Amino acid sequence: MKIKKLTLRLLATLLAAFAGVWTYKHVNLNTKRDVGQEVDRFNGVIVYYNGGVDNISGRNTTKDGYNLGLKYQCVEFVKRYYYEYLNHKMPDSYGHAKSFYNPAVSDGQLSTIRNLTQYKNASKSKPKVSDLLVFDGTIFNQFGHVAIISKVSNDEIEIIQQNPGPLAKSRVTFSLRNVGDKWKIDDDEILGWLRKN
């Protein structure tokens with residue numbers, strides 16, 4: 001009898017956790033904002049609110065047919081930023097956030113699928129404003145995350161991001177350290193950054 005009650009409690013806890021994660025990813029928990037509302041901008045490029053992390057509002061393409069990604073997702077913002085502000089089209093215009101970082105590409109080498117130079121998190125090259133920052137996937141977000149570096153000093157960076165979650169901010173800072181002539185952003189989920197040269 002005790003095993004049956006324990007099993008039912010465990011099942012109820014798992015079900016509640018699953019429901020909580022699903023709600024966070026699919027439901028707009030911030031009633032002060034509407035999906036598609038401008039929340040920030042950087043160098044004239046708008047950051048839109050997405051509601052739930054996995055909310056999808058259709059695909060965004062340019063007038064000439066270039067794929068920017070799913071509306072209001074993080075990938076759509078960084079590709080739109082590179083297209084509008086840096087006049088850059090990526091040869092491969094598809095892929096999830098973490099796929100922007102290619103582990104087969106060496107530090108400081110060209111990533112041909114993005115036509116951007118790739119740097120590892122712990123690189124001889126210090127991050128710069130407008131670099132595209134790539135986060136690995138997690139247990140709650142298997143696709144990873146991407147953002148744009150908006151400020152850099154000798155001890156921190158600021159990023160601007162779209163779709164960080166319904167209650168998160170569009171701008172966040174991370175510590176930056178120089179260790180053994182390499183620049184490291186203090187977050188183990190950060191894979192690296194890409195740059196248009």
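The values are calculated or read from the model by the stated rules, or taken from the named source; none is laboratory data. Worth saying up front: this structure is predicted, and the values here are computed from it rather than measured. Glycine gets a Cβ as well: all are built from the backbone with ideal geometry, and neighbour counts include every protein chain shown.
For the range 63-132, the strands (runs of 3 or more DSSP E) that sit wholly inside it and include 1 or more residues that are at pLDDT 95 or above, within 22 Å of D181 (Cβ to Cβ) and over 17 Å from the mean Cα position of the chain (by Cα) are 109-111, 116-120. Being hydrophobic (A, V, I, L, M, F, W, C), farther than 30 Å from D34 by Cβ and modelled with pLDDT under 95 holds for only one residue in V179, V152, and it is V179.
Across the range 134-141, a minimum of one residue is classified as touching a Phe, Trp or Tyr at 6+ places or on another chain (Cβ under 9 Å), exposed (fewer than 13 other Cβ atoms within 10 Å of the Cβ) and over 22 Å from G36 (Cα atoms).
The listed residues are N50, N55, and the only one of them that is among the polar types (S, T, N, Q) and touching a helix residue (DSSP H, G or I) at 6+ places or on another chain (Cβ under 7 Å) turns out to be N55. Within the range 65-92, residues that are touching a residue at least 24 places away in the same chain (Cβ under 8 Å) and within 22 Å of A168 (Cβ to Cβ) sit with their Cβ atoms under 7 Å from residues that are part of a loop (DSSP other than H, G, I, E, B) and hydrophobic (A, V, I, L, M, F, W, C), at 6+ positions apart or across chains, in these pairs: Y72/V35. Only residues that are more than 30 Å from D34 (Cα to Cα) and assigned to a loop (DSSP other than H, G, I, E, B) were counted in the range 155-167, giving 1.
Selection of the range 49-94 for residues being loosely packed, with under 15 Cβ neighbours inside 10 Å and of a type in the set (G, A, S) yields G58, G65.
Go through the range 168-197 and give me each residue that's aliphatic (A, V, I, L, M) and either in contact with a helix residue (DSSP H, G or I) (Cβ under 9 Å, 6 or more places away or on another chain) or part of a strand (DSSP E or B) (or both). Once the filter is applied, which keeps residues that are aliphatic (A, V, I, L, M) and either in contact with a helix residue (DSSP H, G or I) (Cβ under 9 Å, 6 or more places away or on another chain) or part of a strand (DSSP E or B) (or both), the range 168-197 yields V172, L176, V179, I185, I190, L191, L194.
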